[in-house]
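The values are calculated or read from the model by the stated rules, or taken from the named source; none is laboratory data. Fair warning: this is a prediction, and the values are worked out from it, not measured in the lab. Quick reminder, even Gly has a Cβ in these numbers, built from the backbone with ideal geometry, and neighbours come from all protein chains shown.
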Amino acid sequence: MLVRQDGTLVGHACWVERGLQPAGLPILNTAYIEAVATHPDWQRRGYGKLAMARIAEEITGYELAALSPAAVPFYERLGWEHWRGPTAIRTDTGLLPTPEEEIMNPAPAADPAARPRRHEQRRMARRRGVVKAAESG
Ligand SMILES: CC(C)(COP(=O)(O)OP(=O)(O)OC[C@H]1O[C@@H](n2cnc3c(N)ncnc32)[C@H](O)[C@@H]1OP(=O)(O)O)[C@@H](O)C(=O)NCCC(=O)NCCS
């Protein structure tokens with residue numbers, strides 16, 4: 001997704017499909033948000049927020065949204081919160097813990113597409129941890 005102001009490219013964002021698997025649950029079809037950036041000359045004017053709002057409209061068909069934040073306060077202001085459980089990557093030889101990994105998800109109240117069942121899944125996931133079942137980007 002490209003953000004333009006009067007024809008000038010001022011920012012961009014995208015998402016890739018990933019499978020995130022909270023422990024004890026099936027793999028959830030996840031919109032993993034990447035490449036969120038506003039050109040330095042145009043920052044703090046609402047373009048990043050606009051890009052995230054537009055992406056939220058586009059990803060309503062996914063079971064979960066997630067990202068690895070480089071700007072935590074920005075996402076916190078948008079209503080995202082940290083995944084509190086442990087994380088791991090599935091490899092050919094088993095699960096590889098990734099304790100250094102930081103993941104954020106939309107807080108349930110900030111996710112208009114969330115249904116009660118998914119709220120419950122996320123609560124369980126935070127308690128139990130998550131496994132990245134498929135990497136696509
Ligand atoms: C993070 C980034 C995308 C924010 O883009 P932006 O266009 O400046 O953000 P916005 O102007 O839409 O800001 C939205 C809100 O977040 C706040 N905000 C933005 N950047 C912030 C930061 N670094 N720290 C704290 N708050 C921040 C704004 O003040 C604004 O708050 P408000 O709605 O209460 O007024 C931009 O700073 C950037 O491109 N940084 C470098 C790349 C990067 O780190 N991307 C994140 C990858 S995960």
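Just give me the residues in the stretch 61-84 being among the aromatic types (Phe, Trp, Tyr) and within 11 Å of the ligand (Cβ to nearest atom), in sequence order.
Of everything in the stretch 61-84, those that are among the aromatic types (Phe, Trp, Tyr) and within 11 Å of the ligand (Cβ to nearest atom) turn out to be Phe74, Tyr75, Trp80.
For every residue, the table says whether it meets (1) touching a residue at least 12 places away in the same chain (Cβ under 8 Å); (2) near the ligand (Cβ under 7 Å from one of its atoms).
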{"residue": "Asp6", "(1), (2)": "no, no"}
{"residue": "Val10", "(1), (2)": "yes, no"}
{"residue": "Ala13", "(1), (2)": "yes, no"}
{"residue": "Gln21", "(1), (2)": "yes, no"}
{"residue": "Leu25", "(1), (2)": "yes, no"}
{"residue": "Gly46", "(1), (2)": "no, yes"}
{"residue": "Lys49", "(1), (2)": "yes, yes"}
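Answer yes if at least one residue in the stretch 117-129 is at pLDDT 95 or above, of a type in the set (Gly, Ala, Ser) and buried (at least 19 other Cβ atoms within 10 Å of the Cβ), and no otherwise.
So far as the stretch 117-129 goes, no, none of its residues is at pLDDT 95 or above, of a type in the set (Gly, Ala, Ser) and buried (at least 19 other Cβ atoms within 10 Å of the Cβ).
For the stretch 19-35, give me each residue that is surrounded by 21 or more Cβ atoms within 10 Å (Cβ to Cβ) and touching a Ser or Thr at 6+ places or on another chain (Cβ under 7 Å).
Leu20
Is the stretch 73-84 home to any residue that is among the aliphatic types (A, V, I, L, M) and within 10 Å of the chain's Cα centre (by Cα)?
No, the stretch 73-84 has no match at all.
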